[in-house]
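The values are calculated or read from the model by the stated rules, or taken from the named source; none is laboratory data. In this text the structure is predicted, and so the values were computed from the model without any measurement. FYI the Cβ positions are ideal-geometry reconstructions off the backbone, even for glycines, and counts take in every protein chain you see. We work out accessible area using only protein heavy atoms, side chains counted, and drop any ligands, DNA or RNA first. Shrake-Rupley method; radii C 1.70, N 1.55, O 1.52, S 1.80 Å.
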Amino acid sequence: MSTAAPPADWHRLDPRTVLVTALVVAGVVAGAAIPVTLGLTRWFSLPVAVLQVLAGAVLVIGVAAGADRVRWHRTRYRIGTERVDLHTGLLLVKRRSLARSRIRTVDLTANLMLRLLGLVTVRIGTGEQGSESTLVLDPVTRAEGERLRLLLLERAATASPGVHREGELAVLDPRWIRYAPVSFVAPMLGGAAAGAVMQVSDWIGAQGQVIEWVGDRFRETPLLWTIIVLVLAALVAGVLGALGLWVEMWWNYRLEREAGGTLRVRRGLFTSRSISVEEARLRGVDLVEPLGVRLLGAARLDAITTGLAKDHEARNADHNTLLPAAPRTRADSVAADVLREPDTPTGAALTPHPRAARGRRLRWSLAAALGPVLVLTLLGALLTPVLLWIALGCAAVGVPVAVVLALDAYRGLGHALSGRYLVTRSGTVRRSTAALERAGVIGWTVKQSVFQRRAGLLSVTATTAAGGGAYTAYDTDASEGLTFAAEAVPGLLEPFLERAGDPGHPDP
């Protein structure tokens, strides 16, 4: 195999990738070594088990480092005047190429190991669906990553409408950490922590002892109080986990506007992330208020934009978040700065929806709450009266909660036109106030079920190539909803309205 250097216009990844792989695999192996060793002691003596684990660790680390050495040797990339090329592979060589004119994102990510070595992972994407729309250079030096980011996102600086400052738009306020425990992440992490304890104890063959130990602690405690204490313990673990996750994700957060019209978000404690959003691709913002965060008067700000990475690895990476949960007034001011508007459209006065929309939400919520109650009641009548008491408890708790959430969902409904933007708001557990640029609307979808028709309601959805692709004003007054859509994008809906009003044509 030839080891000659590639042509001058081709570049290799940083050779320290082999060291990074070896260290990462060594960490994983070390974490698995203790339970594996304890498991092997069932059949072998402790010294023999330790030697077997050490031999296996050396083998696994060596194979991983060797495979990465081959990957490094067979990977090269080139930045041409029109295209970015990446060649990789040993037996099956993959040659991939992206047109520079289609590149929309160049994001830099570095975990703790890469940061200590001065390296980053560069993700170059077109924002289209699928992994073939993204090239990953893993890793290169930080200086090379910054060079690639500036080179590939280089745009001619043009004057944007509005007068708003360049440079820093928002920085982290440590007080925002108080919103982490009230997010939905906390109970999820609490449940995950309890599951992890049981799983690890099962791996080392001690699950029975763990259950017995917990039983001994609560032997004299009533069952109800035992459940309450265990749930509270899981919630405490979830809150601590949520705080740690928030610090890891948002420490060193900074939102900046760079010359040439690029918004850049930088954040992360151990794993640093740099995400760039071209203002030319920005179509609006989405003010997101999960229930717990909203009760504390806070909101998160997301970008509605075309061209953000949509491959599998980036899908869950908060690529579109411009501002973490912060006081609502701060979120509104950042939205105005991002959109270069004197007043944020997310704070516009919204048109309320008819009272018939409230009735629909009450019926949905009560049906969702009473459905399990009905099932438990039927099972209780057939099997055991205990289920009847459980059904009664579910009804006593579920019905009031369902009514409160339904009324809150109705109060949250609204729509409006605010300058260059149309605004829609909906939701209760996750309330969303989306301000979408009217020029970014490519079509309208009007839906009216039989029940909506009887109530004089309909839902109008603005379709766009940006963000989630569709933003809906739910259960508007029928005439008001159509007028809203027609005024938001003049000329797009009028032909259908005129056809619907023509006696010679049936309704669409």
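Assorted remarks:
- Residue check, Pro372 touching a residue at least 24 places away in the same chain (Cβ under 8 Å), touching a Cys at 6+ places or on another chain (Cβ under 8 Å) and not aliphatic (A, V, I, L, M): yes
- Every listed requirement among (1) open to solvent by 60 Å² or more (accessible area, probe 1.4 Å); (2) under 30 Å from Tyr253 (Cα atoms); (3) without any contact (Cβ under 8 Å) to a residue 40 or more places away in the chain; (4) of a type in the set (Val, Ile, Thr) is met by Val122 save one, (1).
- From the list Leu19, Leu23, Leu54, the lone residue that is farther than 28 Å from Leu153 by Cα and either in contact with a His (Cβ under 9 Å, 6 or more places away or on another chain) or free of Cβ contacts under 8 Å to residues at least 24 places away in the same chain (or both) is Leu54.
- Selection of the range 13-41 for residues being outside any helix (DSSP H, G or I), modelled with pLDDT of 75 or more and touching a helix residue (DSSP H, G or I) at 6+ places or on another chain (Cβ under 7 Å) yields Leu13, Pro15, Arg16.
- Within the range 213-230, the residues that satisfy the criterion of being assigned to a loop (DSSP other than H, G, I, E, B) and surrounded by 11 or more Cβ atoms within 10 Å (Cβ to Cβ) are Phe218, Thr221.
This table checks each residue for (1) closer than 25 Å to Ala488 by Cα; (2) open to solvent by less than 60 Å² (accessible area, probe 1.4 Å); (3) in contact (Cβ under 8 Å) with a residue 60 or more places away in the chain; (4) not in a strand (DSSP E or B).
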| site | (1), (2), (3), (4) |
| --- | --- |
| Leu362 | no, yes, no, yes |
| Ala367 | no, no, no, yes |
| Leu379 | no, no, no, yes |
| Val386 | no, no, no, yes |
| Ala391 | no, yes, no, yes |
| Ala395 | no, yes, no, yes |
| Pro400 | no, no, no, yes |
| Trp444 | yes, yes, no, no |
| Leu458 | yes, yes, no, no |
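- Selection from the range 480-508 of residues that are open to solvent by 60 Å² or more (accessible area, probe 1.4 Å) and at pLDDT 90 or above: Glu480, Thr483, Glu487
- Against the test of being within 26 Å of the chain's Cα centre (by Cα), of a type in the set (Lys, Arg) and either more than 30 Å from Phe184 (Cα to Cα) or modelled with pLDDT under 95 (or both), the options Arg438, Arg425, Arg453, Arg420 yield a single qualifying residue, Arg438.
- Applying the condition of being surrounded by fewer than 18 Cβ atoms within 10 Å (Cβ to Cβ) and aliphatic (A, V, I, L, M) to the range 460-477 and asking which residue is modelled with the lowest pLDDT yields Ala465.
- Residue in the range 412-427 that is open to solvent by 10 Å² or more (accessible area, probe 1.4 Å), within 18 Å of Ala303 (Cα to Cα) and in a helix (DSSP H, G or I) present: no
- Which numbered condition Ser432 misses (of (1) in contact with a helix residue (DSSP H, G or I) (Cβ under 8 Å, 6 or more places away or on another chain); (2) not in a helix (DSSP H, G or I)): (1)
- Exactly one residue among Asp68, Asp85 is of a type outside the set (Phe, Trp, Tyr) and in a strand (DSSP E or B), and that residue is Asp85.
- Screening the range 231-297 for strands (runs of 3 or more DSSP E) wholly inside it with 3 or more residues that are among the charged types (D, E, K, R) and in contact with a strand residue (DSSP E or B) (Cβ under 7 Å, 6 or more places away or on another chain) returns the ranges 254-258, 262-267, 282-290.
- Scanning the range 60-97 for residues that are more than 35 Å from the chain's Cα centre (by Cα) and either modelled with pLDDT of 90 or more or surrounded by 14 or more Cβ atoms within 10 Å (Cβ to Cβ) (or both) gives a single hit, Gly62.
- Listed by first and then second residue, the pairs linking a residue in the range 164-181 that is on the phi > 0 side of the Ramachandran plot to a residue that is at pLDDT below 95 and part of a strand (DSSP E or B), with Cβ atoms under 7 Å apart and 6 or more places separating them unless they lie on different chains, are Gly167/Glu256; Gly167/Arg257.
- Any hit, the range 294-312, residues being closer than 20 Å to Arg340 by Cβ and surrounded by fewer than 16 Cβ atoms within 10 Å (Cβ to Cβ): no
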